[in-house]
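Computed from the coordinates by the stated procedures, all read-outs in this text should not be read as laboratory data. Just so you know, these numbers come straight off a predicted model, no measurement behind them. Glycine gets a Cβ as well: all are built from the backbone with ideal geometry, and neighbour counts include every protein chain shown.
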Amino acid sequence: MASTDGYNAFEMARAQFDSIADLIDLDQGARDFLRTPMREYHFTIPVRMDDGNVQVFQGFRVQHNDARGPSKGGIRFHPQETIDTVRALSMWMTWKCAVVDIPLGGGKGGVICDPHNLSMREQEAICRGFVRQLARNIGPIADVPAPDVMTNAQHMLWMMDEFEKIHGGHYPGVITGKPVGMGGSLGRTQATGYGVVYTLREALKELDIRPSDTIASVQGFGNVAQYAIELYTQIGGTVICASCWDQKDQCPYAFKKAQGIDLEELRGISDAFGGIDTDKARDLGYEVLSGEEWIEQDVDILFPSALENSITAENVGKISNRVKIIAEGANGPTTPDADRVLHERGIHVIPDFLANAGGVTCSYFEQVQSNMNYFWEMDEVLGKLDVKMTAAYVAVSELARKKKLYMRDAAYVVSINRVVEACRDRGWI
Ligand code: NAD
């Protein structure tokens, strides 16, 4: 999500922070400190392109706050990347790490470039150039990057390799999102979707609803959505509708089976980008609906797990009265005006930076394992993930009940308080 068309992510992140700062009556010094990233690096990356010319790319790394531990956050490659997007994302990472109570701060990085138009060799040169500029400012005890939009495990390995070359040793804890066998963690693929369902399971317990008595509709069929469907189905739930973007028709579709979709069947007819083949789905007996209809289904649970700005003032009124819980797998799926409606209607929202924090929690586990050079079995990773996600959900939900707060506000209060406390304990503010 780059800053375009007047939308400024950093202004939005600051506005959210300001409203919670008012709510908890935060003093001016703490506000001033937390509204602005602690450190920013802006640098150029010259690359000898395949045609022999040199092209200069602009890179950024922002460390919003590291009072609770080394900064943590992805590096995205995007043609519309801006420093304000990176600032906003780094601030959101501070709150996300704090809400799940992992000992990490918030950071984010970016390079203005479009990998669609770059060869793998050119991308490798950008990765290595990025690390050369930051080799003294990142590291296992300072700032730990990860993949984000248009970067993947290969980019992370090149970055790790460059860091190790410069520092002369093995430092797999410098970066996460590495392949399993090269310092990556088992369970990372499942972590975000499963994490969403760990929090959902706790919410159902609180509302005294048995998972097997619920049905759900899902926006998206990518990494987060598929693993959320997998675990939700395992605990007894039934998904009746899932949706995806259709690359050929350039529009989204929703796929419905009233008695429940079959995850493996749909996986079998979907591509690596989470796109489902409409013809094959019809042959398998699915109703193929327009993409927006995922939100109108008469279900108990909605999983927006595709992209931002999905639940808006325009479509929030279409949400069925039966819906009790919305578990936000995606980042920023609900616009602020739609959010007010959900709040008024009393729908129990598990906010994005809590619901989808399983990903960063598992990245933290990857870093721990990398630093120890000892890697856990899948059960151990998922067991620890469940403990962390459950504790995080319970802390937020208890506060929401005690102070009569909306779940999103409660999650912000928990995380901002934790960060403020760490800054105060250190004597910074
Ligand atoms: P992905 O690329 O694997 O999948 C995205 C899915 O959304 C695909 O199935 C795509 O077809 C679908 N989609 C796109 N546009 C759509 C539309 N208009 N209607 C319906 N479906 C549409 O991505 P992902 O990793 O599953 O991430 C999904 C969301 O979760 C993003 O907001 C991401 O930032 C967030 N998130 C992901 C992780 C992670 O670990 N993967 C962690 C935290 C947050």
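Inter-part distance, segment 386-412 to segment 29-102, computed on C-alpha centroids, equals 28 Å.
Can you list the lysines whose alpha carbon sits under 16 Å from that of residue 178, skipping same-chain ones fewer than 8 residues off? List returned: 72. Under 18 Å from the Cα of residue 280, which aspartates and glutamates turn up, not counting those fewer than eight places away in the same chain? Reachable aspartates and glutamates: 246, 249, 262, 264, 265, 271.
Counting 0.36 nm for each residue step from residue 394 to residue 137 and taking away their Cα separation leaves a gain of 89.0 nm.
In order along segment 59-69, phi translates into HN-Hα couplings of x, 9, 9, 10, 10, 5, 7, 10, 5, 8, x Hz, rounded to whole numbers, per the Karplus curve 6.51 cos²θ - 1.76 cosθ + 1.60 with θ = phi - 60° and x for Gly and Pro. Equivalent-ellipsoid semi-axes for segment 288-429 (Cα gyration tensor, √(5λ), whole Å, largest first): 31, 21, 13. Residues whose amide H comes within less than 5 Å of that of residue 255, counting only those at least five positions distant or on another chain, are 242, 243, 289 (H built at 1.01 Å from N in the peptide plane). Here the extension length gained between residue 373 and residue 264 equals 35.8 nm, from 0.36 nm per residue of separation less the Cα-Cα distance. With a Förster radius of 56 Å applied to the beta-carbon distance between residue 161 and residue 321, the computed FRET efficiency rounds to 0.55. Considering only beta bridges that DSSP places wholly inside the chain, some 50 percent are antiparallel.
Using θ = phi - 60° in the Karplus curve 6.51 cos²θ - 1.76 cosθ + 1.60, the 3J(HN,Hα) couplings for segment 129-134 round to x, 4, 5, 4, 6, 10 Hz; x is entered for Gly and Pro. In this structure, the amide hydrogen of residue 334, modeled 1.01 Å from its nitrogen in the peptide plane, lies closer than 5 angstrom to those of 309, 310, 311, counting only residues at least 5 positions away or on a different chain. Applying 1/(1 + (r/R0)^6) with r as the Cβ-Cβ distance of residue 101 and residue 48 and R0 = 56 angstrom yields a FRET efficiency of 0.80.
Using the reciprocal of the averaged 1/r over all distinct C-alpha pairs, how large is the Kirkwood radius of segment 194-266 in Å? 12.8 Å is the Kirkwood radius here. With both residues required to sit in segment 202-260, DSSP beta bridges show an antiparallel share near 60%. Taking amide H as placed 1.01 Å from N in the peptide plane, the amide H of residue 146 sits under 5 Å from that of 73, 74, 75, 176, each at least 5 places away or on another chain.
With each label modelled as a point 7 angstrom along the Cα→C-beta vector, the residue 248-residue 15 pair spans 4.1 nm. Comparing 354, 116, 391 along the charge dipole axis of the chain, the residue lying farthest to the positive side is 391, per the Cβ-charge model.
Label zone of residue 287 (point 7 Å out along Cα→Cβ, amide N under 13 Å): in segment 299-318 this covers 299.
The Rg/Rh ratio for the chain, using Cα coordinates for both the radius of gyration and the Kirkwood hydrodynamic radius, is 0.96. Geometric descriptor of segment 156-227, per residue, is 113 Å³ (volume of the convex hull of the Cα atoms).
In the chain, helical runs assigned H by DSSP with n ≥ 4 each contribute -39500 (n - 2.57); averaged across all residues and rounded to the nearest 500, the mean residue ellipticity at 222 nm is -14000 deg cm²/dmol.
Here the extension length gained between residue 213 and residue 387 equals 60.2 nm, from 0.36 nm per residue of separation less the Cα-Cα distance.
Evaluated with a Cβ-only charge set (Lys, Arg +1; Asp, Glu -1), the chain carries a dipole of roughly 1200 debye about its Cα centre, given to the nearest 20.
Coupling constants for segment 213-221 follow from the phi torsions by the Karplus curve (6.51 cos²θ - 1.76 cosθ + 1.60, θ = phi - 60°), and in residue order they are 8, 10, 10, 9, 10, 10, 9, x, 9 Hz; glycine and proline get x. Taking label points 7 Å from Cα along the Cα-to-Cβ direction, residue 114 and residue 403 give a separation of 4.5 nm.
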